[in-house]
Amino acid sequence: MYYIYCNDLERKGFKVVAIPEDDEGLDTELLKAKLTTLGDESAAIRFFYVVTVNNPTCTILSNNRKAELVDIVTRLSSEVGRKIPLFFDNAYHDLVHDSTVEPLASALCYDDLGIVYEIGTLSKILAPGLRIGYLIGSKGPFLNSIIQRTSDIGFSAPLINQEIASYLLDNGIEAQIEKVNNGYQQKAKQVKTWIAELLGDNIQECRGGSAGFYFYLTLANTATGATSDFFKFLTRTTGQEAVDGPLDSQHPKVIYIPGEHCVHPNGDMVEVGKRQLRISYGFEELPQIHTALKLMKSAIGYSQENL
């Protein structure tokens, strides 16, 4: 799950029910089981939110799963007597760089009830600073309320940002997407090879590498949380100068997102999340990533020595 968004929802009073994924994205069998467990409480569901290329795992939601999700929420909407919005977050949709992945269909193709909304952004393919996002869905009260809300808080993104985005979309966006994806594909293949070579049997599961720019690792026997030896080694906070280096010249650090932040604290993945982490290959160049993976190997060794 994307912890920043979940935290925001909970501060607003929502109860978040997280559903684990498998190789095709959100697990629809687990979703149906959860709805059955909720029973009459399912009538209180306000909306469903699904990421088509997940953050942190970069697992790609298959077209079959999209169709299943639309069917499940359509049926539930009929049962409760109101339309329940189903949001698909397509933030990383254009960053599928594995040529073996089937072309991703729009979830709107499966929607007869008018409950599907797709969220997009230019942040991942052009520039985060543009702050340009968009929503696609059927006309109706919900979309009208979003348009009104946008007008109430400032009408739109700055006009200069819109003009820049418009120009870039009209002039070379296809070449930009191709260039970006070629770069990510090359990096993903190399990083995955290094993960296997350097971390080997210490990795229980490795997700990612076909889209986006993250790998999500589950370590076999090593905790990754902020209080773990693994984390302290990589952030140079063990308190041992031999490991951390002198205060005025610390040894190189490796920054990652611990899995404990990527699973819901009341969900089904709390325990496994303690051994998980997200790493990015989006910004750093390959030599630095190679060095980081070697340091992670050393951190695993350090953790096992301290068991």
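The values are calculated or read from the model by the stated rules, or taken from the named source; none is laboratory data. Please read all numbers here as calculations on a predicted model, not as lab measurements. Positions of Cβ are backbone-derived with ideal geometry, glycine not excepted, and every protein chain shown enters the neighbour counts.
Miscellaneous remarks
- Condition met for residue 231 (in a loop (DSSP other than H, G, I, E, B), within 30 Å of residue 189 (Cβ to Cβ) and aromatic (Phe, Trp, Tyr)): no
- The stretch 223-261, subset of a type in the set (Gly, Ala, Ser) and under 24 Å from the mean Cα position of the chain (by Cα), residue nearest to residue 57 (Cα to Cα): 259
- Against the test of being touching a Phe, Trp or Tyr at 6+ places or on another chain (Cβ under 9 Å) and among the hydroxyl-bearing types (Ser, Thr, Tyr), the options 92, 110 yield a single qualifying residue, 92.
- Any hit, the stretch 180-188, residues being surrounded by fewer than 17 Cβ atoms within 10 Å (Cβ to Cβ) and either within 30 Å of residue 69 (Cα to Cα) or charged (D, E, K, R) (or both): no
- In the stretch 275-293 there is no residue that is farther than 28 Å from residue 190 by Cβ and hydroxyl-bearing (Ser, Thr, Tyr).
- Near pairs, Cβ below 7 angstrom, 6+ apart or cross-chain, from the stretch 183-202 (within 24 Å of residue 99 (Cβ to Cβ)) to any residue that is part of a helix (DSSP H, G or I) and of a type outside the set (Lys, Arg): 184/95; 187/286; 190/286; 191/289; 194/290; 194/293; 195/293
- When the residues of the stretch 195-216 are filtered to those that are of a type in the set (Gly, Ala, Ser) and more than 22 Å from residue 180 (Cα to Cα), the one that is modelled with the highest pLDDT is 196.
- Subset of the stretch 144-174 [under 25 Å from the mean Cα position of the chain (by Cα) and assigned to a helix (DSSP H, G or I)]: 146, 165, 169, 173, 174
- The stretch 123-143 - residue that is closer than 20 Å to residue 49 by Cβ and surrounded by 13 or more Cβ atoms within 10 Å (Cβ to Cβ) and, of those, nearest to the chain's Cα centre (by Cα): 124
- A single member of 100, 59, 36, 74 is within 18 Å of the chain's Cα centre (by Cα) and of a type in the set (S, T, N, Q), and it is 59.
- Residues that are surrounded by fewer than 18 Cβ atoms within 10 Å (Cβ to Cβ), part of a helix (DSSP H, G or I) and either under 17 Å from the mean Cα position of the chain (by Cα) or in contact (Cβ under 8 Å) with a residue 60 or more places away in the chain (or both), drawn from the stretch 273-292: 286, 290
- Evaluating residue 307 against the criteria (1) over 15 Å from residue 208 (Cβ atoms); (2) among the hydrophobic types (A, V, I, L, M, F, W, C); (3) not in a loop (DSSP other than H, G, I, E, B) leaves one unmet condition, (3).
- Residue count, the stretch 180-219 (criterion: part of a helix (DSSP H, G or I) and either touching a strand residue (DSSP E or B) at 6+ places or on another chain (Cβ under 9 Å) or more than 24 Å from residue 263 (Cβ to Cβ) (or both)): 22
- Residues (of a type in the set (A, V, I, L, M, F, W, C), within 28 Å of residue 186 (Cβ to Cβ) and in a loop (DSSP other than H, G, I, E, B)) located in the stretch 80-104: 91, 101, 104
- The listed residue being of a type in the set (Lys, Arg) and within 24 Å of residue 8 (Cβ to Cβ), out of 278, 207: 278
- Here is the figure for the stretch 256-272: residues that are surrounded by 15 or more Cβ atoms within 10 Å (Cβ to Cβ), over 19 Å from residue 192 (Cβ atoms) and not β-branched (Val, Ile, Thr) total 7.
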